[in-house]
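Notes follow once the structure below has been shown.
The values are calculated or read from the model by the stated rules, or taken from the named source; none is laboratory data. Quick caveat, the model's predicted, so the values are computed rather than measured. So basically every Cβ, Gly included, is an ideal-geometry build from the backbone, and we count neighbours across all protein chains shown. The protein model used for the area step is the full one, side chains on, heavy atoms only, and it has no ligands, DNA or RNA in it. Shrake-Rupley method; radii C 1.70, N 1.55, O 1.52, S 1.80 Å.
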Amino acid sequence: MQSRIEQVEVGPGETIEAEIRVADAGGDATAFNRLDLADATESIHRIGSWVYRTVHDGLPRRPQKVGVEFGLKFAIKSGKLTSVLAEASGEASLVVRLEWEHDG
Amino acid sequence: MAVRFGVALEMGRRSTVQVWSGGAHLGSGFFAADGVVLTCAHVVWQQPDRVLLRWEGHELPGEVVVRAPGEFGAGSFYGFPDLAVIRVGVAIDHPVPWLAEPGAKVPRRLVAYGFTAATPDPGIGVEGVELWVGGRSGARYLNVTNAEIHRGMSGGPVLDPATGQVYGVVKGSRDYATPRGGWLIRTAAVQDLFDEHPELFRTTAPTVSLLRPDPGTPLYQLLAAQHRVVDRLPYGLDDRPPPLSSVYVRQHTRRTDEDAEPAAVPDVLRRNRNVLVLGGPGSGKSTLVQHLAVDTAAWWLAADPDTDRAAAPKAGPVVAVRLSAAGLVRTRAPFPVAVSQAVTAELGMHLDSAIEPALFEAPPAPGASWLYLIDGVDEVLAAAERSRLLAVLHDRLAEFGTDARFLITSRVLPDGELDALADGVATGAADRYGEYVLDPFDRPGLAAFARHWFAWRTPDRAEALSAGFLAEVRRARLFSLVQVPLLATIAAIVYERDPDASLPADRTSLYRETVQALLYTRRVRLSTRDELRRTLGPFGPAAESFADWLFDHTEACLEQLAHRWLERAEAPTIEQAQAWVHEATEVPAGVPLASLLRELLLGSGLLVAQRNGLAFSHQSFAEYLAAGHAARHFDPTAWLADIDALGPSSRDLFGLARWIQLGNDPVPLLRRLLLGRRFGLGGRSGGEPWARRITLDAVELVSGGGTVGAWAAVGNFCAVLRDGIALPDADRRELLELVRPNLRRIRRLDDEVSLARLRDVLRVLLVRGGGGWCLEAVMHDPRTALVTRIEAARTLVEQRDSEPARRLLRELAYRPRATEGRLWAMRTLAAVGTDRDRRYAAFRLGQVVSTGDNGATWMRAARLLAELLPPDLGGPDGASTGTAEAGMLDAAVLARIVEPGRPLVERVEALDLFEALVQAPGDEPDPAPVTAPLRYSQPDRTAPRLVALRAAAAIAQVHHRAPDSTRRATRTLAGDGTYTVLERFGAARVLAGVGLDELAAELLLRLAHDPRLPGVQRAEALWHLGRFAPGAARDRLVGWITAPAADPGLRADALATLASLDGAAARDAAAVLAGDARLAWSFRAAAAQLLADPAVPRPRAARALRALDDRLGTSRGADRIGARRKDEEFGARRAAGSIGTRLGDGRAGSRHGHHDEGNS
């Protein structure tokens, strides 16, 4: 896996540079990929809801507080930005921490 | 023009563009057609339609009009074909490389171009990489290796370096960092895309409404000054020259490299970006240039747009700027500076301020180009200067993407000097450069000129003078001279001066009359003489007689100046004139010679003042005057050598004529001319006739095929004749006698140019040389080439209405065992013969076309026959205007196209010719700029499928003109086993498609009734018929099905076909079939079952029935095979039930079934 630096859109007209994994060294030889961070954030929702569901539905007694921390790396798939689950401590480009407190 | 190695590749590289959006470089693309850029869809993916194209320093707006496909798709690469089309928003001059034929074998090595940041240069640069073709990648991409494909190269063209043809579009890279290549999109995908979007190529260049300049702007000033200065005749022949715009007569031009129709100059400018116009002395080149300048200026200056509603000047969206070539070479400044200096010098005081070079560095107005009219390249006399100018112009012509266009005029220069101009320019785009010859006046043109001229000069007597002038031209046989516009002008002036005197019959005398008038007899000049004497009076009697001397020697002085100008390229100056006077006579002291000379010389109108000195008002006047000098120092041998090397120039002919006018005998000289250089002895005059004859025979013997020498001798002699030399009868006869052996030696006459030359020569011999007897001898001379004899006869018929000549033509055309020349004789007869000749010749040519076995012969016959047609068959109703000959040609070629015994290659030849010959009636040529169509080479042209379709199209095209022969052709096509039945169906569909139902039906019915064909195809023929004539098809099918005697297989096929055409009728018919006891049980059962069951969709029923056809043939045998027996018995039982119980239902259900069909 190689990685390269690409511009990623984070909002209208705003970009940041991010390290992106590329599955292999080639691809459509365009000079410019329009990458939108929004495309990659879906996995945060998915992981979050998976954790939440697992804890709520799977455990006989629900814990008072649930936390999850995971890392995301970015990659390009089908020309779009996508995120790949990574070690939270390792080389992740983005570390996400989610917590739920349960009062009931 | 041949494609040169390197140039072609260069065109490919230069067609590559950068695609940008929102400040980001997206990738590459290239011009795939006029105003159309091709790139990859992934390059513009998620980008707005408006993109920016960067190309050779230009920023062009673009709009993505096609994205194929619209979205990325599921894979890790953008989906196939991954192509996008960007339309360029402005008209710009750009190269277009050729696309390789989709099926062509891909070369091993290709070169890809694209723009990338991965070059050592900062920013985005072009990268060219050599790629090796590995093979197909999937069915749809090409796999290439050998070099890195960098990011940004997507969309770039991939070319064959040898031919410059595009074989693919860069799609993706295997590895941006190592030379592992990647993938290309094949041109087949490009073709498919373009086929789906024909609208991309039909549009013309985007129209921009041109904005006229405001008064006070530099452009306005330039145009206004040019309009004032240029609207006069290019030569000051008279005190009262009419404005050019009131006497201009439009002249046509024709391309030099093809046998083309004459075209008006504005059309020529619409077809070609750059144009070279060639013409002889006084042929109207300068006039044309001035007319263009004035005409376009008038459009741009129109104050009230309503008065000039045209959307653009006639010459197109250009601002024409007139520049004399001689003025342009005076400077070595950069081009815009040189132009500004030359323009400022020429417009002089008519300008309020100098025109700045900056004006020429940008387009004159949005959407418009500069059209530089470079007049008179030949008038740059120094060869080195001239070749420098040509080199500069060549580089300008070869440039793409500029706002400069050129129209260059010149006389033809020896040794192909002007070829340097076009070298390599036309590569890549055929319409970048065209070479045209200015046609002289034709008779209507001359008449128009006379009308305009006298209407301006003598409005009250215009009609009478104009008619008188034309009559005098006819009487003096001057037409071939006054075809030249300048000579027409001169002749008109000479005539006008004394309408009762006869016009001189030669060019030199016309010039002499004019020069004499300009110098000595005009009223203004007479007063000049008095003025001169008054001015010099105070200096004493010597000075007064000097005044007379000076006045009388004006011509001699001008002759000297002209001589030095033409011989040594020394521009005329007052100092030179002064030096000459001092050498010739004693100048009384105190006389202000310089100012006197200035007045005297400029007052003649033969010299005009320019910013940098003096110049002759027309080059031909300089030549006439210089010839005065030459005639006094005339050396016949040197003259002959000169003519021999370069042909007779206008100057040579003036020299000879003026030498003759000095009292010299031209006959020995002309004899030497005609005998050729090897026979110097011929120059000795007074030889015995028999001795001459021996010499002539020797000439022939020795020089055998010396065509070149013979052409030169005859051509040069005719040039002298045409120029109007006066010869005593005996001498003329002797000289014409010498022409004949030369004509005999001319053998090669297979091109239009030679033919035109020959006709010209013969006409001059007859008209100017009085050589009727000579032509008669030529026409009967068996040793002369047939074409020459035929043309001699033609000239006699045309000019003298000679019946013997017509008889000879008939003999040459129709005698038994006639040779090649017979076609030409027929053609000639058809052109100049009687009505009967015409009809018969057309008939015989048609015979050759339809049956001739020699490819060259029949095609030639077809071409000749085509030429017989009136050029314009106009009117949408072709049938009424089509002549017998038109029908004859169509019928003849059609007969050839459909002849079953002819190899397909020959039919394709005939089709090609047919399509070239036959124009659909009412098919007007498109006046819009010709947008280059996609340039593919053809698929396999001898594929029978294609031939059959084209043959049908050919039949359709001429049906209205030759209904009988198209019917015959259709019948032949129907029975032609060269084509498969499917191919013949295709032909029928073509005919039906254009509404020729009757012919299509005829074709299909012949197939349907062809007993050699299998039943299924015969039935299918009726199915095709059913698509446009359902009633006829149904009746016939039902007929077959219900005919007990018919072949059972055919009946089954017919039933199946009918089922898919008309369900209700099929049910009815099936009942009959099922009840036919002679048929196999199995078939009857299945038919009944299938057709009685409304749940079975009809197409399936049809298929099933057709499948049963196979069983049917063997059903009687199969009955005895045990394995099947059970099934069949079972089937029979069911059938019995079906027939018994369902038949009634079937009938009742037919309505039901019909209802079904209505719903489906």
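What is the one condition in (1) in contact (Cβ under 8 Å) with a residue 40 or more places away in the chain; (2) among the aliphatic types (A, V, I, L, M); (3) surrounded by fewer than 20 Cβ atoms within 10 Å (Cβ to Cβ) that B:Ala333 does not satisfy?
(1)
When you look at B:Tyr113, is it open to solvent by less than 40 Å² (accessible area, probe 1.4 Å) and in contact with a His (Cβ under 6 Å, 6 or more places away or on another chain), yes or no?
In short, no.
Taking the condition of being within 14 Å of chain A (Cβ to nearest Cβ), closer than 27 Å to B:Leu52 by Cβ and not aromatic (Phe, Trp, Tyr), how many residues in the stretch B:69-93 meet it?
Number satisfying all stated conditions: 9.
Could you identify the single residue in B:Leu211, B:Leu219, B:Leu223, B:Leu193 that is on the phi < 0 side of the Ramachandran plot, away from chain A (no Cβ under 14 Å), assigned to a loop (DSSP other than H, G, I, E, B) and hydrophobic (A, V, I, L, M, F, W, C)?
B:Leu211 is the lone residue from the list that is on the phi < 0 side of the Ramachandran plot, away from chain A (no Cβ under 14 Å), assigned to a loop (DSSP other than H, G, I, E, B) and hydrophobic (A, V, I, L, M, F, W, C).
Of these, B:Ala74, B:Ala24, B:Ala91, B:Ala68, which one is closer than 30 Å to B:Thr256 by Cβ, among the aliphatic types (A, V, I, L, M) and out of contact with any Lys or Arg (no Cβ under 6 Å at 6 or more places or on another chain)?
Of the residues listed, the single one that is closer than 30 Å to B:Thr256 by Cβ, among the aliphatic types (A, V, I, L, M) and out of contact with any Lys or Arg (no Cβ under 6 Å at 6 or more places or on another chain) is B:Ala91.
Does B:Gly29 qualify as being within 14 Å of chain A (Cβ to nearest Cβ) and more than 36 Å from the chain's Cα centre (by Cα)?
Considered against the rule, which asks whether it is within 14 Å of chain A (Cβ to nearest Cβ) and more than 36 Å from the chain's Cα centre (by Cα), B:Gly29 comes out as no.
Any residue in the stretch B:832-850 that is surrounded by 19 or more Cβ atoms within 10 Å (Cβ to Cβ), at pLDDT below 85 and of a type in the set (Ser, Thr, Tyr)?
yes
Given the residues B:Leu470, B:Leu481, which is the only one that is of a type outside the set (D, E, K, R) and open to solvent by less than 10 Å² (accessible area, probe 1.4 Å)? Before the answer, list the steps.
On the way: B:Leu470 fails: open to solvent by less than 10 Å² (accessible area, probe 1.4 Å).
Checking each option against the conditions leaves just B:Leu481.
(1) at pLDDT 85 or above; (2) not assigned by TED's automatic domain parsing to the domain that holds B:Gly769: which one isn't true of B:Leu646, the others all being true?
Status for B:Leu646: all satisfied but (1).
Name the residue, out of B:Val36, B:Val96, B:Val44, B:Val66, that is of a type in the set (Val, Ile, Thr), within 11 Å of another protein chain (Cβ to nearest Cβ), touching a residue at least 24 places away in the same chain (Cβ under 8 Å) and open to solvent by less than 40 Å² (accessible area, probe 1.4 Å). Quick ask: steps written out before the conclusion?
On the way: B:Val36 fails: within 11 Å of another protein chain (Cβ to nearest Cβ); B:Val96 fails: within 11 Å of another protein chain (Cβ to nearest Cβ); B:Val66 fails: within 11 Å of another protein chain (Cβ to nearest Cβ).
Exactly one of B:Val36, B:Val96, B:Val44, B:Val66 is of a type in the set (Val, Ile, Thr), within 11 Å of another protein chain (Cβ to nearest Cβ), touching a residue at least 24 places away in the same chain (Cβ under 8 Å) and open to solvent by less than 40 Å² (accessible area, probe 1.4 Å), namely B:Val44.
Can we say B:Leu446 is in a helix (DSSP H, G or I) and either under 23 Å from the mean Cα position of the chain (by Cα) or at pLDDT 85 or above (or both)?
Criteria met by B:Leu446.
If I ask for residues that are over 39 Å from the mean Cα position of the chain (by Cα) and not hydrophobic (A, V, I, L, M, F, W, C), which ones from the stretch B:42-65 would you list?
Scanning the stretch B:42-65 gives B:His42, B:Gln46, B:Gln47, B:Pro48.
Restricting to the stretch B:371-414, give me the number of residues that are assigned to a helix (DSSP H, G or I), within 25 Å of the chain's Cα centre (by Cα) and under 18 Å from B:Val289 (Cα atoms).
2
Quick check on the stretch A:10-21. Is at least one of its residues within 14 Å of another protein chain (Cβ to nearest Cβ), of a type in the set (Val, Ile, Thr) and open to solvent by 90 Å² or more (accessible area, probe 1.4 Å)?
No: zero hits.
When you scan the stretch B:739-800 for helices (runs of 4 or more DSSP H) that lie fully inside it, which ones turn up with 2 or more residues that are under 33 Å from the mean Cα position of the chain (by Cα) and surrounded by fewer than 24 Cβ atoms within 10 Å (Cβ to Cβ)?
It comes to B:752-767, B:786-800.
When the residues of the stretch B:801-814 are filtered to those that are open to solvent by less than 10 Å² (accessible area, probe 1.4 Å) and among the small types (Gly, Ala, Ser), which remaining residue is farthest from B:Leu766 (Cα to Cα)?
Applying the filter and picking the extreme gives B:Ala813.
Given B:Glu803, B:Glu776, B:Glu811, B:Glu798, which one is farther than 19 Å from B:Arg839 by Cα and among the charged types (D, E, K, R)?
Of B:Glu803, B:Glu776, B:Glu811, B:Glu798, the one residue that is farther than 19 Å from B:Arg839 by Cα and among the charged types (D, E, K, R) is B:Glu776.
Filter the stretch B:88-132 for residues that are acidic (Asp, Glu) and in a strand (DSSP E or B) and give the result.
B:Glu127, B:Glu130
Given the conditions (1) more than 14 Å from chain B (Cβ to nearest Cβ); (2) open to solvent by 50 Å² or more (accessible area, probe 1.4 Å), which single one is not true for A:Ser43?
With respect to (1) more than 14 Å from chain B (Cβ to nearest Cβ); (2) open to solvent by 50 Å² or more (accessible area, probe 1.4 Å), A:Ser43 is out only on (2).
Run B:Ile124 past the list (1) among the β-branched types (Val, Ile, Thr); (2) under 22 Å from B:Phe400 (Cβ atoms); (3) more than 12 Å from every other protein chain (Cβ to nearest Cβ) and report the number of the one that doesn't hold.
(3) is the only condition that B:Ile124 fails.
So that you can scan it fast, the table gives a plain yes or no per residue for (1) under 25 Å from B:Glu915 (Cα atoms); (2) of a type in the set (Gly, Ala, Ser); (3) in the same structural domain as B:Val1072 (by TED's automatic domain parsing):
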{"residue": "B:Ala954", "(1), (2), (3)": "yes, yes, no"}
{"residue": "B:Arg968", "(1), (2), (3)": "yes, no, no"}
{"residue": "B:Arg984", "(1), (2), (3)": "yes, no, no"}
{"residue": "B:Val994", "(1), (2), (3)": "yes, no, no"}
{"residue": "B:Ala1000", "(1), (2), (3)": "yes, yes, no"}
{"residue": "B:Ala1008", "(1), (2), (3)": "no, yes, no"}
{"residue": "B:His1024", "(1), (2), (3)": "no, no, no"}
{"residue": "B:Arg1027", "(1), (2), (3)": "no, no, no"}
{"residue": "B:Pro1044", "(1), (2), (3)": "no, no, yes"}
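State all residues of the stretch B:960-980 that are open to solvent by less than 10 Å² (accessible area, probe 1.4 Å) and part of a helix (DSSP H, G or I); if no residue qualifies, say none.
Across the stretch B:960-980, the qualifying residues are B:Thr966, B:Ala969, B:Thr970, B:Leu973, B:Ala974.
Would you check if B:Ala1029 is within 23 Å of B:Val981 (Cα to Cα), of a type outside the set (S, T, N, Q), buried (at least 17 other Cβ atoms within 10 Å of the Cβ) and at pLDDT 75 or above? Steps first, answer last, please.
Values: within 23 Å of B:Val981 (Cα to Cα): yes; of a type outside the set (S, T, N, Q): yes; buried (at least 17 other Cβ atoms within 10 Å of the Cβ): yes; at pLDDT 75 or above: yes.
So B:Ala1029 fits the description; yes.
Condition (residue is out of contact with any Asp or Glu (no Cβ under 9 Å at 6 or more places or on another chain), at pLDDT 85 or above and not in a helix (DSSP H, G or I)) applied to the stretch B:335-350: is it met by at least one residue?
Within the stretch B:335-350, none of the residues are out of contact with any Asp or Glu (no Cβ under 9 Å at 6 or more places or on another chain), at pLDDT 85 or above and not in a helix (DSSP H, G or I).
Residues checked against (1) among the aliphatic types (A, V, I, L, M); (2) more than 14 Å from every other protein chain (Cβ to nearest Cβ); (3) within 26 Å of B:Val169 (Cα to Cα); (4) loosely packed, with under 15 Cβ neighbours inside 10 Å:
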site: A:Thr30; (1), (2), (3), (4): no, no, yes, no
site: A:Trp50; (1), (2), (3), (4): no, yes, no, yes
site: A:His56; (1), (2), (3), (4): no, yes, no, yes
site: A:Pro63; (1), (2), (3), (4): no, yes, no, yes
site: A:Val66; (1), (2), (3), (4): yes, yes, no, no
site: A:Leu72; (1), (2), (3), (4): yes, yes, no, no
site: A:Ser83; (1), (2), (3), (4): no, yes, no, no
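Take the residues of the stretch B:160-182 that are open to solvent by 50 Å² or more (accessible area, probe 1.4 Å) and not hydroxyl-bearing (Ser, Thr, Tyr): which is farthest from the other protein chains (Cβ to nearest Cβ)?
Within the stretch B:160-182, the match that is farthest from the other protein chains (Cβ to nearest Cβ) is B:Ala162.
Quick check on my filter: what residues within the stretch B:69-88 are open to solvent by 20 Å² or more (accessible area, probe 1.4 Å) and within 26 Å of B:Leu9 (Cα to Cα)?
Selection gives B:Pro81, B:Arg87.
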